[in-house]
Amino acid sequence: MKTQDFARIFTVTSVVLFTASPALAQGLPALEITSPGGNGETKYSLSLQILALMTALTVLPSIVLGMSAFTRIIIVLSILRQALGTQQTPPNQVLVAIALFLGFFVMQPMLTQVYETAVGPYLDGNMAAPEAMQKARVLISGFLIENTRQNDLMMFMDLSGSGPYASNDEVPLSVMLPAFITSELKTAFQIGFLLFLPFLVIDMVIASILMALGMMMLSPMLVSLPFKLLLFVLVDGWALTMGSLVNSFSSGIGA
């Protein structure tokens with residue numbers, strides 16, 4: 001599957017998971033239109049379908065932030081920029097774009113399998129919405145569980161008063177999502193700490209040299225910036241950072 005299809009796959013998956021599709025709206029009489037023949041067939045107007053789609057689009061940013069690799073990547077990149085001391089370079093828009101594209105790359109195996117086993121058959125009319133939702137949920141849960149610390153998962157199980165569960169598929173999203181985002185925050189700050197250390201050493205060395213030379217009025221941050229940029233370029237820092245971020249995730253396929 002081509003990379004440019006991932007945005008469409010993610011959007012359609014979100015619609016399948018989080019919207020009240022026609023097959024799931026049978027309990028809402030206000031949204032039902034029964035045919036005069038009395039055969040029980042239910043049809044839905046185009047306006048209601050558009051309403052369901054717009055509802056899905058409103059929650060899509062939260063899905064991207066809370067159920068994907070975006071959070072870890074954007075935090076690490078923000079800490080890296082602060083460690084370099086380059087202020088707004090790269091700008092926020094560039095960091096968000098990098099986090100989005102790298103997040104799609106990390107989640108490529110899971111998104112492809114979700115599309116092939118759930119979204120694709122649902123759009124082709126070969127699978128009912130509840131069954132498609134269940135299959136998509138199992139795959140997404142596998143990704144979330146594989147990238148969640150057991151301690152965080154157990155903490156939210158204790159807070160909710162639920163569990164233990166026989167398998168990962170039985171863990172509800174109300175427990176899984178907060179545990180996942182908490183684990184992502186901890187992992188992101190750990191990676192950011194390791195990235196910050198070499199640049200902190202350069203700042204301390206430059207500050208000590210300037211103080212020894214009696215140049216206390218000269219900002220150490222201003223002098224150390226070219227050396228930090230030179231070090232980052234010489235070690236191919238962007239490639240190392242991207243590779244480390246990708247390797248820090250588990251796809252969850254086959255879990």
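The values are calculated or read from the model by the stated rules, or taken from the named source; none is laboratory data. What you see is a predicted model, and the numbers here were worked out from it, not measured in a lab. Neighbour counts are summed over all protein chains in view; Cβ atoms, including those assigned to glycine, are modelled from backbone coordinates with ideal geometry. For the accessible areas, the whole protein counts, side chains as well, though only heavy atoms, and no ligand, DNA or RNA atoms are used. Shrake-Rupley method; radii C 1.70, N 1.55, O 1.52, S 1.80 Å.
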Exercise. Charges only on Cβ, +1 for Lys and Arg, -1 for Asp and Glu: so what's the dipole of segment 84-172 about the Cα centre, in debye to the nearest 20?
Worked result: 240 debye
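Ignoring ligands, DNA and RNA, what percent of the accessible area of segment 54-212 is carbon or sulfur (1.4 Å)?
Numbers: 5310 of 7930 Å².
Result for segment 54-212: 67 percent of the exposed heavy-atom area is carbon or sulfur.
Please give me the summed charge of the neighbours of residue 127: other residues whose Cβ is under 12 Å from its Cβ, Lys and Arg +1, Asp and Glu -1. Walk me through the numbers on the way to the answer.
On the way: positive: 135; negative: 116, 124, 131.
Counting the neighbours of residue 127, the net charge comes to -2.
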Exercise. How much net charge surrounds residue 75 when only the other residues with a Cβ under 15 Å from the Cβ of residue 75 are counted, with Lys and Arg +1 and Asp and Glu -1?
Worked result: +2
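Peptides 50-58, 223-231, 98-106: what's the order by average Cβ count within 10 Å, highest mean first?
Peptide ranking by packing, descending: 98-106, 223-231, 50-58.
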Problem set entry | Inverse mean reciprocal Cα-Cα distance (Kirkwood Rh) of segment 83-150, Å | 14.4 Å
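In a shell of Cβ-Cβ distance under 15 Å around residue 200, excluding residue 200 itself, what net charge do Lys and Arg (+1) and Asp and Glu (-1) give? Walk me through the numbers before you get to the answer.
Numbers: positive: 81, 228; negative: 203.
Computed value for this residue: +1.
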